[in-house]
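Please read the structure below before turning to the comments.
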Amino acid sequence: SQQGEEDPQALSIQEGENATMNCSYKTSINNLQWYRQNSGRGLVHLILIRSNEREKHSGRLRVTLDTSKKSSSLLITASRAADTASYFCAPVAVNFNKFYFGSGTKLNVKP
Amino acid sequence: DAGVIQSPRHEVTEMGQEVTLRCKPISGHNSLFWYRQTMMRGLELLIYFNNNVPIDDSGMPEDRFSAKMPNASFSTLKIQPSEPRDSAVYFCASSSAQALNQPQHFGDGTRLSIL
């Protein structure tokens, strides 16, 4: 299965600190996507990184991809209380036939 | 722009009853996905459609579940008969891509409780 597995399962930090979440997967991918889910809401797309990309930025978000290690990381810099949410990665296989979410990292940013 | 719209937001019904969940994707999107989320199993892909045609329904738990997409702007997920273990939050998502190389846009889900 190419299901992404996030690590850690839970992370608690103070506002202003950086948060790093990791994702590992098992098969070759075309792209890998990161999503955020606030409590009681649907998932919101954050960043899509393609297999030929190594790093991508969007505002305070930085995503890296290492296809040789089959892993990705999401860094949130200068975290805010509003960043409190669950974060999911979703690796997409090269043949595009499946789309799986991992179990997520639950991030708590304390004000 | 309106996002993905799901209805109802909450549904409470008794075991054995038929349940129908509805989804209106974002206009112009040609892929639609149904997911189920529980604490125990996380987020599971049930089925996805491309241009109204079911592409992969391997995640549909059993014959009690069925999904249709009669046109590009509407889809239903039906459970008949419903069981307590079907209690979960059901999400619909849509995407502008035929292949899974574009972001998915999620609705806010239907919280289903089967008593």
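Quantify, in whole percent, the carbon and sulfur part of the accessible surface of the protein assembly as shown (1.4 Å probe; protein heavy atoms only).
Solvent-exposed carbon and sulfur of the protein assembly as shown make up 47 percent of the total.
Given Cβ point charges of +1 (Lys, Arg) and -1 (Asp, Glu) and nothing else, what value in debye, to the nearest 20, does the dipole of the range B:56-115 about its Cα centre take?
Charge dipole, the range B:56-115, about its Cα centre: 160 debye, nearest 20.
Given Cβ point charges of +1 (Lys, Arg) and -1 (Asp, Glu) and nothing else, what value in debye, to the nearest 20, does the dipole of the protein assembly as shown about its Cα centre take?
It comes to approximately 400 debye.
What total accessible area, in Å², is buried where chains B and A meet, using a 1.4 Å probe and rounding to the nearest 100?
Buried: approximately 1600 Å² between A and B.
Taking each residue of B:40-46 in turn, how many C-beta atoms of other protein chains fall within 10 Å of its C-beta, and what is the average?
Mean shielding by partner chains, rounded to a whole number: 4.
Using a loss threshold of 10 Å², tell me which positions in the range A:37-57 are less accessible in the complex than in their chain alone. Probe radius 1.4 Å, ligands and nucleic acids ignored.
Buried by the other chains: A:GLN37, A:GLY40, A:ARG41, A:GLY42, A:LEU43, A:HIS45, A:LEU48, A:ARG50.
Counting Lys +1, Arg +1, Asp -1, Glu -1, what net charge surrounds A:SER79 among other residues with beta carbon under 13 Å of its beta carbon?
+2
Size of the dipole of chain A about the Cα centre, Lys and Arg at +1 and Asp and Glu at -1 on the beta carbon, nothing else charged, in debye to 20?
200
Once the mean 1/r over all distinct Cα pairs of chain B is inverted, what Kirkwood radius in angstroms do you read off?
Values: mean 1/r = 0.0715 Å⁻¹.
14.0 Å is the Kirkwood radius here.
Taking 7 Å along the Cα-to-C-beta vector as the label spot, tell me the A:GLU53-A:THR27 distance in nanometres, rounded to one decimal.
The answer from the label model is 2.3 nm.
Along the positive direction of the dipole of chain B (beta-carbon charges: Lys, Arg +1; Asp, Glu -1; about the Cα centre), which of B:SER82, B:ASN30, B:MET69 reaches farthest?
Checking the options against the dipole of chain B, the answer is B:ASN30.
Of A:LYS70/A:LYS106; A:LYS26/B:LYS78; A:LYS26/A:LYS106; B:LYS24/B:LYS78; A:LYS70/B:LYS68; A:LYS26/B:LYS24, which pairs sit farther than 26 Å apart, going by alpha carbon to alpha carbon?
The pairs that break the limit, which is 26 Å between Cα atoms, are A:LYS26/B:LYS78; A:LYS70/B:LYS68; A:LYS26/B:LYS24.
Could you tell me the center-to-center distance, by alpha carbons, between the range A:1-44 and the range B:39-79 in angstrom?
The range A:1-44 and the range B:39-79 have Cα centres separated by 24 Å.
Cα-based Rg (one decimal) and Dmax (whole number) for the range A:1-102, in Å?
For the range A:1-102, the Cα radius of gyration and maximum Cα-Cα distance read 13.1, 41 Å.
Which longest uninterrupted range of chain B lacks any trypsin sites (Lys or Arg not before Pro) assigned by DSSP to a loop state (not H, G, I, E or B) and surrounded by at most 15 other Cβ atoms within 10 Å?
Result for the longest clean stretch: B:65-115.
Classify the protein assembly as shown: rounded, prolate or oblate, from the alpha-carbon gyration tensor (a ≥ b ≥ c, eigenvalue square roots; a/c under 1.5 rounded; otherwise prolate if a/b is larger than b/c)? Working shown, then result.
Numbers: a/c = 1.89, a/b = 1.45, b/c = 1.30.
Note, shape of the protein assembly as shown comes out prolate.
The values are calculated or read from the model by the stated rules, or taken from the named source; none is laboratory data. None of these values were measured; they are calculated from a predicted model. Backbone-built Cβ (ideal geometry, glycine too); neighbour counts: all protein chains shown. The area values use the complete protein model at the heavy-atom level, side chains included, leaving out ligands, DNA and RNA. Shrake-Rupley method; radii C 1.70, N 1.55, O 1.52, S 1.80 Å.
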